[in-house]
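A.B. asks: To start, I am sharing the structure in question, which I have written as structure tokens.
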């Protein structure tokens, strides 16, 4: 399923940014990693919400 591939991609992005956060040497790098993690999670939440909305639209027609 396409959605699962997108979610897997987001998980991979979060893993990479988590490693970047662990290896950060300054507050700016930590903040940047946290912003990237938040961005990936928000994108994933939007995609899941869109899929749920499509499902509900079809269900109630």
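A.B. asks: For the range 31-46, indicate whether the set of residues that are within 18 Å of residue 1 (Cα to Cα), assigned to a helix (DSSP H, G or I) and touching a residue at least 24 places away in the same chain (Cβ under 8 Å) is non-empty.
C.D. replies: Yes: the range 31-46 contains one or more residues that are within 18 Å of residue 1 (Cα to Cα), assigned to a helix (DSSP H, G or I) and touching a residue at least 24 places away in the same chain (Cβ under 8 Å).
A.B. asks: Out of (1) surrounded by 15 or more Cβ atoms within 10 Å (Cβ to Cβ); (2) part of a helix (DSSP H, G or I), what's the single condition that is false for residue 12?
C.D. replies: Every listed condition holds for residue 12 apart from (1).
A.B. asks: Give the range 35-50 a look and list any residue that's over 8 Å from the mean Cα position of the chain (by Cα) and surrounded by 15 or more Cβ atoms within 10 Å (Cβ to Cβ), or say none. Steps first, please.
C.D. replies: Initial filter on the range 35-50 (over 8 Å from the mean Cα position of the chain (by Cα)): 35-36, 46-50.
Correct list: 36, 47.
A.B. asks: On the given criteria, is residue 37 in contact with a helix residue (DSSP H, G or I) (Cβ under 7 Å, 6 or more places away or on another chain) and modelled with pLDDT of 95 or more?
C.D. replies: Values: in contact with a helix residue (DSSP H, G or I) (Cβ under 7 Å, 6 or more places away or on another chain): yes; modelled with pLDDT of 95 or more: yes.
So residue 37 fits the description; yes.
The values are calculated or read from the model by the stated rules, or taken from the named source; none is laboratory data. Everything numeric in this text was worked out from a predicted model, so none of it was measured. Backbone-built Cβ (ideal geometry, glycine too); neighbour counts: all protein chains shown.
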